Amino acid sequence: MPARNLIGLENGGWAVITSQLNRERLALMNPGIANLVYSKVLEHVHETRDGARLVDQPWVQMNMARIYAALKTLNLACRRQAWGIAQGTLTAAEASAIKILGYETFLSVFRQMLEVLGPDATLRRGSPGVPLEGMLDVLYRTVPVYGFAGGTNEVMRDMVAQMGLGLPRVKRA
Amino acid sequence: MDFGLQETERELCDLAESMLRDFSTPERLLKLEESGLRVDRELWVALKEAGITTIGIDAEHGGTGLGFGEACLVLEQAGRTVAAVPLLTHGIALQTLQRAGALEELRRFIVAEGWLAASARTDRGNGLQEASGRLTGTVSAVPYAPESEAFLLPARAGGGWNLYLVPARQPSVRIEGQLGTDQSPMGQLTLEGAQALKLGDAMLLGWLRQRLIAGSCAIQSGVVEEAIKLTTAYVSEHEAFGVKVGTFQAVSQRMADAYIDSMALQLMSRHVASLLAAQNDAVADVMAAKMLAGDVGHRVLASCQHVHGGVGHDRGYPLWRYAVAAKQNELAVTSSSEAAAALGAVIAAQPALVAL
Ligand SMILES: Cc1cc2nc3c(=O)[nH]c(=O)nc-3n(C[C@H](O)[C@H](O)[C@H](O)COP(=O)(O)OP(=O)(O)OC[C@H]3O[C@@H](n4cnc5c(N)ncnc54)[C@H](O)[C@@H]3O)c2cc1C
C-alpha cells in the first residue's frame, strides 16, 4: 500500500468513495418507512372506539400536526437531494445536512407517534393487542444508531460548517 | 419535480435584490427609523417603476404578470435586505382585489402613489362589525396602515366574517400609529360607520390569509439566510484570545444546525409558494410552513445573536435588525403553535389533505 498512503487522486478512488458516502447518507434517511407508519397512525387516530376518536383530543391534533409538518419537510428535502444527484450537483454539505435532519426528525416523530398510541405503544412485536404490529417499537429503538452510524452527526455538522458555510477548517485530534 | 430556479426567476431575484440592497443600507434604514415612519418612499417608487410591486397581477389589468411563486421570490429578497417597504401587504392586497374581481379598484391602486395595508386577523384584536354596508369597531396591529391608501380588513357580518376594502382617507376612520418590534409601521384603526366595499366572504378571507402566511414565510426564509451569512462572516474573523470563534465546535455545530434549519425553511416556503401559484387552497402545507418559519426564525436568530456575543445587540451592527424582523415574521398572521392547532384541525376533519 504505502506510497505515503495516498488518499486524493491517482485513479480518483477517494472521490468515488466520498460521493458514495453522500448517497448512502440520503439513502439512510429515506422517509418511506416513516411515511408508512404515519399513514397507519393517521388511520388509527381516526378510528371510532366507544364513540370517540383519538384525533378529537387537542393534544393528539398537535402531535399529528407536528409529525406531519416534520415529515413533509423531510420528504421535500430528500426529493431535493435526489434531484441534486440526478443533476450531479449534490454536495457533501447537503448530504451531511440531510443525515442530521433525518435523524432529528425520526427521533421526534416516532416519539410523538408512540405518545399518540398510548400505553399499548411499548408492547413488543408478537404481544397480543400490540398496535401497528409492533412496528413503532422496533423503529424507535433503531433510530439512535443513525446519530453516529454512517458518520457521527458531530462530524456531519463539522462538514456542514466547513463545506456548507465556509467556516474555518480545524484539525480535530 | 424541479427544484432549481429558472433563468428568468434568477434574473428577477438579482434585480430585486440589487434594488433592495442599494437602498437598504444600515445608515439609510437608521434614518428612516428615526423619521418615525420606516417606509422608504424613494425605493417604493423605484420598485413600482421596475414592476416589482405588481408581480402576480395580470398584464391586462396593468400588472407585471408572472405569478405567486415569483412574488414570493421577491419577498425572500426583501427579507434578506430587511428593506423598509410594504411589498407583502401591498402585493397580496392587489392580488386579492384581482381575485375578487374588483378590477376598477385594482387599476386605481396599481397607479396610486402609496400602498395598501392588509390584515387577516379574526381573533379578539379585531372587533370590526358590519351593519348596512358600513364598518364600525376597532382593529389593532394592521401592518403598514399609517399613511396607506386603503386597507383590506375582515369584519363580522351576520354569523361569519367577510373581507372588505376600506379607503383610508375618510372622516369615519381614525388611525393611531403603532410600532412593530421590527420598527415597521402598524396601525390601530377605529372605524365609526366607515364606508367599505365587500370583496368576499370567509372563503376569500382564507385565500388572503394563506397568501399572507406564505409571503411571510418567504420573507422569513430571506431573513434567516442573511443572518446566517452575516454570522458566518463574523465568527470566521472574530477571535477570542487569539482563537477564531468559528473554530470552536460548540459554535460551528450550532451554525451547522442553523444552515439545516435555513435549508428546510427555504424548501417549505418555496413549496407552498408553488402550491398557491397553482391552486386556491393549500391550507395544510401553508400551516406546516408557518410552523417551521416561526420555529426556525426563533432558533436561528437566537443562535446568530448568541455566537456574536455583545455585537449581536449592537445597533451599529446589522444583525439586530434581522433578529427583530424574524420575531415580527414569526408572529405575523399566526404563530407556530396556533398554526399547529389549525393544521391539527385539518388533520381531524380532512385526513385526505395530509397524506404523505
Ligand atoms: C448497526 C450498525 C451498523 C453499521 N454498519 C456499518 C457498515 O455497514 N459499514 C461501516 O463502515 N460501518 C458501519 N457501522 C459503524 C459506524 O459507521 C460507526 O459506529 C460510526 O462511524 C461511529 O464510530 P464509532 O462507533 O467508533 O464511535 P466513535 O467514533 O467512538 O464516536 C463516539 C461518539 O464520540 C463523539 N465523536 C466522535 N468523533 C467526534 C468528532 N470528531 N467531533 C465530535 N464528537 C465526536 C460522537 O458523539 C460520537 O457519536 C455500523 C454501526 C452500527 C451500530
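Here is a check on your reading of the model: is B:ALA326 within 30 Å of A:VAL60 (Cα to Cα) and more than 9 Å from every other protein chain (Cβ to nearest Cβ)?
yes
In segment B:21-49, which residue that is within 20 Å of B:GLU147 (Cα to Cα) and outside any helix (DSSP H, G or I) is most open to solvent (accessible area, probe 1.4 Å)?
Within segment B:21-49, the match that is most open to solvent (accessible area, probe 1.4 Å) is B:GLY36.
Tell me, yes or no, whether segment A:104-115 has at least one residue that is within 16 Å of the ligand (Cβ to nearest atom) and crowded, with 19+ Cβ neighbours inside 10 Å.
Within segment A:104-115, one or more residues are within 16 Å of the ligand (Cβ to nearest atom) and crowded, with 19+ Cβ neighbours inside 10 Å.
Name every residue in segment B:180-211 that is in contact with an Asp or Glu (Cβ under 8 Å, 6 or more places away or on another chain), open to solvent by less than 30 Å² (accessible area, probe 1.4 Å) and under 18 Å from B:LEU331 (Cα atoms), in order of residue number.
If the condition is that a residue be in contact with an Asp or Glu (Cβ under 8 Å, 6 or more places away or on another chain), open to solvent by less than 30 Å² (accessible area, probe 1.4 Å) and under 18 Å from B:LEU331 (Cα atoms), then B:PRO185, B:GLY187, B:GLY206, B:GLN210 are the ones that fit.
Condition first: more than 13 Å from chain B (Cβ to nearest Cβ), crowded, with 18+ Cβ neighbours inside 10 Å and among the charged types (D, E, K, R). Can you find one or more residues in segment A:156-170 that meet it? Steps first, answer last, please.
Of the residues in segment A:156-170, the ones more than 13 Å from chain B (Cβ to nearest Cβ) are none.
Within segment A:156-170 (the criterion being more than 13 Å from chain B (Cβ to nearest Cβ), crowded, with 18+ Cβ neighbours inside 10 Å and among the charged types (D, E, K, R)), the answer is no, since none of the residues qualifies.
Tell me yes or no: at least one residue of segment B:259-273 is farther than 30 Å from A:GLU154 by Cβ, within 14 Å of another protein chain (Cβ to nearest Cβ), in contact with a Phe, Trp or Tyr (Cβ under 7 Å, 6 or more places away or on another chain) and modelled with pLDDT of 95 or more.
Yes, that holds for at least one residue.
Checking A:ALA149 against (1) in a helix (DSSP H, G or I); (2) under 13 Å from the mean Cα position of the chain (by Cα), which single condition isn't satisfied?
Failed condition: (1).
Looking for something within 16 Å of the ligand (Cβ to nearest atom), within 24 Å of A:LYS99 (Cβ to Cβ) and β-branched (Val, Ile, Thr) - is there at least one such residue anywhere in segment B:246-268?
Within segment B:246-268, one or more residues are within 16 Å of the ligand (Cβ to nearest atom), within 24 Å of A:LYS99 (Cβ to Cβ) and β-branched (Val, Ile, Thr).
It is to be established whether one or more residues within segment A:164-172 are more than 15 Å from the ligand (Cβ to nearest atom) and in a helix (DSSP H, G or I).
Among the residues of segment A:164-172, at least one is more than 15 Å from the ligand (Cβ to nearest atom) and in a helix (DSSP H, G or I), which makes the answer yes.
Can you tell me how many residues within segment B:281-303 are more than 12 Å from every other protein chain (Cβ to nearest Cβ) and crowded, with 24+ Cβ neighbours inside 10 Å?
Adding up the residues that qualify gives 3.
List every residue pair whose Cβ atoms sit under 9 Å apart, with the two residues 6 or more apart in sequence or on different chains, where the first one lies in segment A:153-168 and is basic (Lys, Arg) and the second, anywhere, is within 11 Å of the ligand (Cβ to nearest atom) and open to solvent by less than 30 Å² (accessible area, probe 1.4 Å).
Listed pairs, sorted by first residue: A:ARG157/B:SER252; A:ARG157/B:GLN253.
Mind listing just one residue for me: the one in segment A:120-149 that is surrounded by fewer than 18 Cβ atoms within 10 Å (Cβ to Cβ) and within 12 Å of the ligand (Cβ to nearest atom) and, of those, modelled with the lowest pLDDT?
A:ALA149
When segment B:112-155 is examined, which residues are found to be among the polar types (S, T, N, Q), within 20 Å of B:GLN328 (Cα to Cα) and assigned to a strand (DSSP E or B)?
B:ASN126, B:SER140
A quick yes/no check of all residues on (1) open to solvent by 10 Å² or more (accessible area, probe 1.4 Å); (2) under 23 Å from B:GLU226 (Cα atoms):
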position: B:THR64; (1), (2): yes, no
position: B:GLY67; (1), (2): yes, no
position: B:CYS72; (1), (2): no, yes
position: B:GLU76; (1), (2): no, yes
position: B:LEU94; (1), (2): no, no
position: B:LEU97; (1), (2): no, no
position: B:GLU104; (1), (2): yes, no
position: B:ARG107; (1), (2): yes, no
position: B:VAL111; (1), (2): yes, no
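Sort out which residues of segment B:156-174 are surrounded by fewer than 17 Cβ atoms within 10 Å (Cβ to Cβ) and in a strand (DSSP E or B), and write them in order of number.
Within segment B:156-174, B:GLY160, B:PRO167, B:ARG174 qualify.
Of all residues being without any contact (Cβ under 8 Å) to a residue 40 or more places away in the chain and among the hydroxyl-bearing types (Ser, Thr, Tyr) in segment B:106-134, which is farthest from B:GLU338 (Cα to Cα)? Just the residue, please.
By that ranking, first place goes to B:SER132.
So that you can scan it fast, the table gives a plain yes or no per residue for (1) more than 14 Å from chain A (Cβ to nearest Cβ); (2) outside any loop (DSSP other than H, G, I, E, B):
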position	(1), (2)
B:GLU176	yes, yes
B:ASP182	yes, no
B:LEU189	yes, yes
B:ARG209	yes, yes
B:ILE219	yes, yes
B:VAL224	no, yes
B:LYS229	no, yes
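Checking the conditions here, which among A:LEU76, A:LEU71 is buried (at least 21 other Cβ atoms within 10 Å of the Cβ) and free of Cβ contacts under 8 Å to residues at least 60 places away in the same chain? Show your work before the answer.
Numbers: A:LEU76 fails: buried (at least 21 other Cβ atoms within 10 Å of the Cβ).
Result of the check over A:LEU76, A:LEU71: A:LEU71.
Out of all the residues in segment A:22-52, which are open to solvent by less than 70 Å² (accessible area, probe 1.4 Å) and either closer than 18 Å to A:ALA121 by Cα or within 7 Å of chain B (Cβ to nearest Cβ) (or both)?
Scanning segment A:22-52 gives A:ALA34, A:ASN35, A:VAL37, A:TYR38, A:SER39, A:VAL41, A:LEU42, A:HIS44, A:VAL45, A:HIS46.
Quick one: what pairs do we get from segment B:337-352, first residue closer than 14 Å to A:ILE67 by Cα, second assigned to a helix (DSSP H, G or I) and among the basic types (Lys, Arg), C-beta under 8 Å, 6+ apart or different chains?
If the second residue must be assigned to a helix (DSSP H, G or I) and among the basic types (Lys, Arg), the pairs left are B:ALA339/B:LYS290; B:ALA340/A:ARG66.
Looking only at segment B:62-88, how many residues end up being in contact (Cβ under 8 Å) with a residue 60 or more places away in the chain, farther than 28 Å from B:PRO318 by Cα and part of a loop (DSSP other than H, G, I, E, B)?
Qualifying residue count for the region: 1.
The values are calculated or read from the model by the stated rules, or taken from the named source; none is laboratory data. As the structure is a prediction and not an experimental result, all values here were calculated from the model. So basically every Cβ, Gly included, is an ideal-geometry build from the backbone, and we count neighbours across all protein chains shown. With ligands, DNA and RNA removed, areas are computed over all heavy atoms of the protein, side chains included. Shrake-Rupley method; radii C 1.70, N 1.55, O 1.52, S 1.80 Å.
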